[in-house]
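Following: one structure in structure tokens, then a few remarks.
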Amino acid sequence: MPRLHLGSWVDSGVDFLQSHLSWLFDAISALVTGLYEGIEAVLSAPAPLLLAGILAVAAWWLRGLLAALLALAGFALVDSVGLWPDAMSTLALVVVATLVTLLFAIPLGIWASRSDRVSATLKPVLDFMQTMPAMVYLIPGIIFFGVGVVPGIIATIIFSLAPGVRMTELGIRQVDAELVEAADAFGTTPRDTLVRVQLPLALPTIMAGINQVIMLGLSMVVIAGMVGGGGLGGAVYRAIGSVDIGLGFEAGISIVILAMYLDRMTGALGRQVSPLGRRALAKARAAATGTAKVWSHRPQPVLAVASAVVLSLVAGGLGVFGGSGKSQVNAVGGAGVENIGKGRKVSIGYIPWDEGIASTFLWKELLERRGYQVEAKQLELGALFTGLAGGQVDFQTDAWLPVTQSEYWKKYGNKLDDLGSWYGPTSIELAVPSYMKDVKTLADLKGKAGEFEGRIIGIEPSAGAMGILKDKVLPQYGLDGEYKVVDGSTPGMLAELKRAYAKKEPVAVVLWSPHWAYASYDLTKLADPQGTWGKGDGIHNIARKGFAADEPKIAQWLSSFKLTEAQLTGLEARIQEGGKGNEQQAVRGWLAEHPEVAKLA
């Protein structure tokens, strides 16, 4: 069968669109970003409990007193675990994606309901959009729009468009044909028939479609977090990357609370706008007695609005506006430290590798002491380089060059500036516990796949080390048919190493030097007599093109930045001791003991 180069054709198409329609993508990106930031600003303006109270009043009006109390308790829980700003970012993302989706879905659904040919044409397209793995949409998304919320919103729109179109078409087609004929018989125009007969009767089904759009949007938030979408999806992604069960559970339960609230409220709104639904609700209220009547009590709309206004005024009087819970910029550090940044924003991208986390939060702390507002974004390696090349990320501190990440440098190097190496040389290797006495070199792995269950525990699949291992190291030593490299993450690899080491089980992992694992475990670096891993890299600071001109002082600091192995492993160990989520506090403690590093900026 001849090889169809379908992927190459798609690549060429994406390159063509990027080079010829970049103005259009920039305009879409600016529009979506502006809409998102506007909604997020509105949601973040009130204090968390004030907004939770307003949302609870809405729940009271739509579903009753019990729903209001549960909503208030749920949002209070989100605030109590410190994820309120992330929840509002996620809500803003879902609102924007839903609004834009409905802007396209409802007209398309109406068109499809009035034309069998349009319906037949749309059906396979919608099937394709809904069944294609949603993550695939992110690849062209980050190329066209860069990293951030925009590719996440665009991917969400494409993924959730189908139910909006289908439910609108279904609702209109389900309207009794005799009613439509009666309207026609009385001389009603097709437009009036649609607006005054079909759409009102189809409203419950359309609202069910809107509910599905919102739920699919929420299901996309984790995927959006992989490309810098932030919010609760970013928190889940950070938890996955660091195997942080606690953070993962907190972020997950926050998503569930948000999803349940939106699901119940849109469902109740659907009944509220439908004449049949209102009659059913009125009957249910009339039949309720005793406690059930109290819990299902719903205020009149005027009372609900008045309650929300009173709540806002009381909160305003107490001065609780503006405390959105977002972390504030670190105080400019002490006497004699010049406020150079004056609040200017700087973004640092990083991948969850130990030296990357350590150096990123070190620079975040140093720059915040100088008055900069620093945002640290955890990204996939490919998305990180794409974000740097596109200017959405200012710099990163963990580029392994010239060997390990040479493919990325070859692709994006002309759009980046290398600010120099701050550590080197490094090495990449396979490592096994030292109790594997008969495994000292890569060649010694030959014929021992049974002991290792045929697995080599890898790290992030986008890491350059993984490509070298699969493409060069294993074939060179005849191990490619014997072992399977398990893609995963650095924390996942370290967790597997810890588990196997505790049980004295055989395990082979991808590791590099320097790394704190060598100090924590007695490990053997497998010798590479054929030199397939290549020469050691330097760890470089890489910035977007033009960053040095925009922020010459930071570029100067980064260019002169150096750490010794003792300093780097000590900083990594302090962050490990501090635990997940306390990276910057750990850096502050470490800097107090290393004033020579604090003076670098």
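Let's see how each residue does on (1) within 17 Å of ILE110 (Cα to Cα); (2) in contact with a Leu (Cβ under 8 Å, 6 or more places away or on another chain):
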| residue | (1), (2) |
| --- | --- |
| ALA182 | no, no |
| PHE186 | no, no |
| PRO190 | yes, no |
| PRO200 | yes, no |
| LEU203 | yes, no |
| MET207 | yes, yes |
| GLY217 | no, yes |
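For the range 110-127, does any single residue satisfy the condition of being under 27 Å from LEU91 (Cβ atoms), open to solvent by 60 Å² or more (accessible area, probe 1.4 Å) and of a type in the set (A, V, I, L, M)? No - not one qualifying residue is present in the range 110-127. For the range 1-69, the helices (runs of 4 or more DSSP H) that sit wholly inside it and include 2 or more residues that are within 29 Å of ARG278 (Cβ to Cβ), among the hydrophobic types (A, V, I, L, M, F, W, C) and in contact (Cβ under 8 Å) with a residue 12 or more places away in the chain are 48-63. Would a scan of the range 507-514 turn up a residue that is more than 27 Å from PHE395 (Cβ to Cβ), open to solvent by less than 50 Å² (accessible area, probe 1.4 Å), touching a residue at least 12 places away in the same chain (Cβ under 8 Å) and outside any loop (DSSP other than H, G, I, E, B)? Yes, some residue in the range 507-514 is more than 27 Å from PHE395 (Cβ to Cβ), open to solvent by less than 50 Å² (accessible area, probe 1.4 Å), touching a residue at least 12 places away in the same chain (Cβ under 8 Å) and outside any loop (DSSP other than H, G, I, E, B). Here is a check on your reading of the model: is SER19 open to solvent by 70 Å² or more (accessible area, probe 1.4 Å) and farther than 25 Å from MET88 by Cα? So SER19 fits the description; yes. Restricting attention to the range 73-92, does a residue exist that is touching a residue at least 40 places away in the same chain (Cβ under 8 Å), over 18 Å from ILE255 (Cβ atoms) and open to solvent by 50 Å² or more (accessible area, probe 1.4 Å)? No, because not a single residue in the range 73-92 is touching a residue at least 40 places away in the same chain (Cβ under 8 Å), over 18 Å from ILE255 (Cβ atoms) and open to solvent by 50 Å² or more (accessible area, probe 1.4 Å). Applying the criterion of being more than 25 Å from the chain's Cα centre (by Cα) and buried (at least 20 other Cβ atoms within 10 Å of the Cβ) to the residues of the range 483-496, the residue that is nearest to VAL510 (Cα to Cα) is VAL485. Scanning the range 172-198 for residues that are without any contact (Cβ under 8 Å) to a residue 60 or more places away in the chain and open to solvent by less than 20 Å² (accessible area, probe 1.4 Å) returns VAL175, ALA183, THR193. Counting the residues of the range 165-222 that are among the hydroxyl-bearing types (Ser, Thr, Tyr) and either at positive phi or not in a helix (DSSP H, G or I) (or both) gives 2.
Only one of SER274, SER327, SER296 is within 25 Å of the chain's Cα centre (by Cα) and at pLDDT below 75; which? It would help to see each step written out before you state the result.
Values: SER274 fails: within 25 Å of the chain's Cα centre (by Cα); SER296 fails: within 25 Å of the chain's Cα centre (by Cα).
Matching residue, one of SER274, SER327, SER296: SER327.
Check GLY341, GLY333, GLY319 and return the single one that is in a loop (DSSP other than H, G, I, E, B), at pLDDT below 65 and buried (at least 18 other Cβ atoms within 10 Å of the Cβ). Step through it out loud before you land on a result.
Details: GLY341 fails: at pLDDT below 65; GLY319 fails: buried (at least 18 other Cβ atoms within 10 Å of the Cβ).
Step by step, each of GLY341, GLY333, GLY319 is checked, and only GLY333 is in a loop (DSSP other than H, G, I, E, B), at pLDDT below 65 and buried (at least 18 other Cβ atoms within 10 Å of the Cβ).
Report yes if some residue within the range 237-251 is more than 25 Å from VAL175 (Cα to Cα), in a helix (DSSP H, G or I), of a type outside the set (Lys, Arg) and in contact with a strand residue (DSSP E or B) (Cβ under 8 Å, 6 or more places away or on another chain); otherwise report no. Within the range 237-251 (the criterion being more than 25 Å from VAL175 (Cα to Cα), in a helix (DSSP H, G or I), of a type outside the set (Lys, Arg) and in contact with a strand residue (DSSP E or B) (Cβ under 8 Å, 6 or more places away or on another chain)), the answer is yes, since at least one residue qualifies. Looking only at the range 474-492, residues that are closer than 11 Å to ILE457 by Cβ and either outside any loop (DSSP other than H, G, I, E, B) or at pLDDT 90 or above (or both) come to 6 in all.
Close contacts from the range 409-438, counting a first residue that is of a type in the set (Lys, Arg) and a second that is open to solvent by 70 Å² or more (accessible area, probe 1.4 Å), with Cβ to Cβ under 7 Å and a gap of 6+ residues or different chains, come to LYS415/LYS545.
Of everything listed in (1) surrounded by 22 or more Cβ atoms within 10 Å (Cβ to Cβ); (2) of a type in the set (A, V, I, L, M, F, W, C); (3) in a helix (DSSP H, G or I), the single unmet condition for VAL227 is (3).
For a quick check of your reading: which helices (runs of 4 or more DSSP H) sit entirely within the range 70-164 and have at least 2 residues that are under 22 Å from GLY231 (Cβ atoms)? Break it down stepwise before answering.
Details: elements: 84-114, 116-131, 138-145.
Passing ranges, in order: 84-114, 138-145.
The set of residues in the range 504-525 that are out of contact with any strand residue (DSSP E or B) (no Cβ under 8 Å at 6 or more places or on another chain) and modelled with pLDDT of 90 or more contains only GLU505. Scanning the range 165-208 for residues that are out of contact with any Ser or Thr (no Cβ under 9 Å at 6 or more places or on another chain) and among the hydroxyl-bearing types (Ser, Thr, Tyr) gives THR188, THR189, THR193.
For ASP480, are the conditions met, namely being open to solvent by 10 Å² or more (accessible area, probe 1.4 Å), touching a Leu at 6+ places or on another chain (Cβ under 6 Å) and not aliphatic (A, V, I, L, M)? Yes, satisfied. Screening ARG285 with (1) surrounded by 16 or more Cβ atoms within 10 Å (Cβ to Cβ); (2) in a helix (DSSP H, G or I) gives one miss only, at (1). Only helices (runs of 4 or more DSSP H) whose full extent lies in the range 526-601 are considered here, and the ones with at least 1 residues that are of a type in the set (A, V, I, L, M, F, W, C), touching a strand residue (DSSP E or B) at 6+ places or on another chain (Cβ under 7 Å) and surrounded by 15 or more Cβ atoms within 10 Å (Cβ to Cβ) are 547-550, 552-559, 565-578.
The values are calculated or read from the model by the stated rules, or taken from the named source; none is laboratory data. What you are looking at is a predicted structure, and each value in this text was computed from that prediction instead of being measured. Here Cβ is always computed from backbone atoms with ideal geometry, including for glycine, and neighbour counts include all displayed protein chains. The area values use the complete protein model at the heavy-atom level, side chains included, leaving out ligands, DNA and RNA. Shrake-Rupley method; radii C 1.70, N 1.55, O 1.52, S 1.80 Å.
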